[in-house]
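Enquirer: My questions all concern the structure below.
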């Protein structure tokens, strides 16, 4: 059996502020580094010398079609993003396959939400290693890590992955495809919806975090709110390299880097980002990205 190979990303990846402090392959999605998840998916294709770029999410159908060929490349957006060959090296005269609609590039932070939705939304079995209160309600699939506690009054609607040594509740609401990393605290009257929380995030009370990615060690002051829906229902846009880009998402919140601190009653316009080690004042309205 050949060892699968993870190829580096292309030059146009713009996943800041999340990649300011770690490479793309190390970014947790569904509580596992993205690179590890990709390698596991292609390792399942036993005996195949398959290589894939880390900045691409490829559908099982496209991967299986690629693995069925002796020498081939997979093309997405007119670029070669994966290949198969007897020795795992780039094939010399490959068959050219076109990626299907289930494949997409991971170029921006919101693309990671799409990966997370697929992985967490696809969970089918509970795995409870921590403590789940009999006064909590789970209407979905829950993966709960060792040492974590879900307190009374917690309501889970949909699927969630919660890491180790977390405290969830009392009286909070988890929705959508949510992934909460190790050593996090989600507390009283907090709603988390379709979000990724990296390790050591604290959202203690009276806050809303929807369709967002929150960097490691970040703390929400009480009453911090991430808006995620436009009044006109149009797709959200986000600033990248001085240009407003269409995210393709009707629901999109905030992207916060590591060790961000928000003052009490901070409010985020949709699609805004904060770079690592930045902060807001009490009552601040974040209308533009806050850079380092």
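Enquirer: Order by neighbour count: 262, 218, fewest other Cβ atoms within 10 Å first, most last.
Expert: By the 10 Å Cβ count, ascending: 218, 262.
Enquirer: Right, another one. Taking the Cα-to-Cβ direction at residue 292 and at residue 92 and moving 7 Å from each Cα, how far apart do the two end points lie in nm?
Expert: 4.5
Enquirer: Which length gain, in nm to one decimal place, applies between residue 41 and residue 134 when the Cα-Cα distance is subtracted from 0.36 nm times their residue separation?
Expert: 29.9 nm
Enquirer: Multiply the residue separation of residue 250 and residue 101 by 0.36 nm, subtract the distance between their alpha-carbon atoms, and state the gained length in nm to one decimal.
Expert: Working it through step by step, the gained length comes to 51.7 nm.
Enquirer: Follow-up question, since we're still on this one. Just to confirm the number: angle between the C-alpha axis of helix 109-121 and the first principal axis of the chain, 0 to 90 degrees, nearest 10?
Expert: Long axis of 109-121 versus the principal axis of the chain: about 90 degrees.
Enquirer: Where does the chain land at 222 nm, in deg cm²/dmol rounded to the nearest 500, when only DSSP H runs of n ≥ 4 count, each adding -39500 (n - 2.57), divided by all residues?
Expert: Calculated mean residue ellipticity at 222 nm is -3000 deg cm²/dmol.
Enquirer: Would you indicate which of (1) 60, 47, 33; (2) 55, 39, 38; (3) 74, 57, 48 is the value of Cα extents along the principal axes in Å derived from the coordinates of this structure?
Expert: Computing Cα extents along the principal axes in Å and matching it to (1) 60, 47, 33; (2) 55, 39, 38; (3) 74, 57, 48 gives (1).
Bear in mind these aren't lab numbers, they're just calculated from the coordinates by the rules spelled out. Everything quoted here is computed from the prediction, not taken from an experiment. Note that we place each Cβ from the backbone using ideal geometry, even for glycine, and neighbour counts take in every protein chain shown.
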